[in-house]
């Protein structure tokens, strides 16, 4: 299940990562989280992504309770996915959702792996981070949100490249934000396949 980045058409940059996993896991398939992917700060796109993503996850888990679900998110889509799991708001930035829409003990237990590329909510010094960025993203998390997200720490890889101004607020390099597929797809796909084989 994947959430594309702002202004991308489906499936966006995550399409190549998805293809690598599908090729390696016979019988697997994917669906897009349906949301507008318009500007997160000036339109209701982001909130719609959280609502739709949660509803789609619930439907799939009910229909196929033995399935192993993987979540991918890029840019705004990474924020949609991670806020489903961690909650949002409470920091004067985006959203008024104080609690996760996915309970880690129930619906969240169906999730096998999560890959985030360029998450605007990226926080440094987390065990699940990939990369050496020491700044926060554009929309930092609260301690409460980090605690909720820690329930997925062993199932989560949060990729943030140096100078990517979306997940690294100290950066200004748009090219870095658009290079995740080229740099990280093989690494991310191998990790996801390994998680699915456990």
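The values are calculated or read from the model by the stated rules, or taken from the named source; none is laboratory data. Computed from a predicted structure; not experimentally measured. Methodologically, a virtual Cβ is constructed for each residue, glycine included, from the backbone with ideal geometry; neighbour enumeration extends over all protein chains shown.
Here is how the numbers come out for the structure above:
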| quantity | calculated |
| --- | --- |
| Selection count, the range 66-80, where residues are more than 28 Å from residue 174 (Cα to Cα) and either buried (at least 19 other Cβ atoms within 10 Å of the Cβ) or in contact (Cβ under 8 Å) with a residue 60 or more places away in the chain (or both) | 2 |
| Subset of the range 1-27 that is without any contact (Cβ under 8 Å) to a residue 24 or more places away in the chain and either assigned to a loop (DSSP other than H, G, I, E, B) or touching a strand residue (DSSP E or B) at 6+ places or on another chain (Cβ under 7 Å) (or both) - its residue that is surrounded by the most Cβ atoms within 10 Å (Cβ to Cβ) | 11 |
| Whichever residue in the range 147-183 is in contact with a strand residue (DSSP E or B) (Cβ under 8 Å, 6 or more places away or on another chain) and farther than 16 Å from residue 5 by Cα and, among such residues, is surrounded by the fewest Cβ atoms within 10 Å (Cβ to Cβ) | 155 |
| The listed residue being closer than 20 Å to residue 56 by Cβ and modelled with pLDDT under 90, out of 89, 95 | 95 |
| Residue match in the range 158-178 (condition: farther than 25 Å from residue 19 by Cα, at pLDDT below 95 and part of a helix (DSSP H, G or I)) | no |
| Test result for residue 192, part of a helix (DSSP H, G or I) and either more than 17 Å from the chain's Cα centre (by Cα) or crowded, with 23+ Cβ neighbours inside 10 Å (or both) | yes |
| In the range 56-73, the residues that are within 16 Å of the chain's Cα centre (by Cα) and closer than 14 Å to residue 34 by Cα | 56, 57, 71, 72, 73 |
| Residue within the range 62-85 that is on the phi > 0 side of the Ramachandran plot, touching a helix residue (DSSP H, G or I) at 6+ places or on another chain (Cβ under 6 Å), at pLDDT 95 or above and in a loop (DSSP other than H, G, I, E, B) present | no |
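Each row is one residue, and each column tells you yes or no for (1) in contact with a helix residue (DSSP H, G or I) (Cβ under 7 Å, 6 or more places away or on another chain); (2) at negative phi; (3) modelled with pLDDT of 95 or more.
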residue	(1), (2), (3)
11	yes, yes, yes
21	yes, yes, yes
25	yes, yes, yes
32	no, yes, yes
42	no, yes, no
46	yes, yes, no
60	no, yes, yes
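Table: residues versus (1) in contact (Cβ under 8 Å) with a residue 24 or more places away in the chain; (2) more than 17 Å from residue 149 (Cα to Cα).
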position	(1), (2)
38	yes, yes
49	yes, yes
64	no, yes
83	yes, no
103	no, no
106	no, no
110	yes, no
